[in-house]
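Asks: Before I ask anything, here is the structure I am working with.
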Amino acid sequence: MSMWWSLHLRREAASVPLARRFLLGTMETAGVDPDISYDLSVALSEACANAVEHGGDRQDAGGAGAVGPGLPGGEQPGRACGQYRVTAYLDGEKCRIEVADSGPGFPARRTLRTAAQSSAGCPADPQPSAAQPAADAPHARVARPHPPASAESGRGLHLIEELADHVHFGNRPGHGAVVSFDKVLKWREGALLMVS
């Protein structure tokens, strides 16, 4: 059994705990080990906070001028500068999470990080993944220094790298960043989605 969900959220600070609670509720219901759920929820919180902070034009950071679903002009939710998208896939032994925004994207130096270079086991996306466009081919991880503990920003992406098994920082074609990460799941006894 597998499941996936997608949220289109406003770039507001209140959306971060909402996404985190949604993920934790899904994980608890499915029977995922609480330590794994916690790691993924912290990584998701960091990715969402990054989308809220950097995911659009500065003028709309407070939500003013955000475009919502069903508005004239054919705007798609998640494409407007005032929104970002969170998608989670639980499939077999893996959870994959993507956070996509409409900001300026990552500098070219951001690269793929993986514990084991393996393409096997990636869940089939119910829709095409924006996390790995052909023009943004993955590269080996380049060692970069961690920001100092006193830094006001920059620690979140490093934390995501530490908590997940596989991480990809990429740019969507056109405009926007995608943080994609996954982790092998452990299950509680009698879990709903546990692999047989």
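The values are calculated or read from the model by the stated rules, or taken from the named source; none is laboratory data. Model, not experiment: these values are computed from the prediction. Reconstructed Cβ throughout: ideal geometry from the backbone, glycine too, with neighbour counts over all protein chains shown. Keep in mind that these areas ignore ligands, DNA and RNA; they rest on the heavy atoms of the full protein, side chains included. Shrake-Rupley method; radii C 1.70, N 1.55, O 1.52, S 1.80 Å.
Asks: Residue pairs, Cβ under 8 Å, 6 or more apart or interchain, first in region 1-19 and over 12 Å from residue 82 (Cα atoms) and among the polar types (S, T, N, Q), second open to solvent by 50 Å² or more (accessible area, probe 1.4 Å) and modelled with pLDDT under 95. List them.
Replies: 2/91
Asks: So which residues in region 141-190 are out of contact with any Lys or Arg (no Cβ under 6 Å at 6 or more places or on another chain), open to solvent by 40 Å² or more (accessible area, probe 1.4 Å), charged (D, E, K, R) and modelled with pLDDT of 90 or more?
Replies: 162, 186
Asks: Does region 54-69 contain any residue that is modelled with pLDDT under 90, assigned to a strand (DSSP E or B) and surrounded by 14 or more Cβ atoms within 10 Å (Cβ to Cβ)?
Replies: Checking region 54-69: not a single residue is modelled with pLDDT under 90, assigned to a strand (DSSP E or B) and surrounded by 14 or more Cβ atoms within 10 Å (Cβ to Cβ).
Asks: Would you tally the residues in region 82-121 being in contact with a Ser or Thr (Cβ under 9 Å, 6 or more places away or on another chain) and modelled with pLDDT under 90?
Replies: Result for region 82-121: 3.
Asks: Considering only region 8-49, state which residues are open to solvent by 30 Å² or more (accessible area, probe 1.4 Å) and closer than 17 Å to residue 178 by Cβ.
Replies: 8, 46, 49
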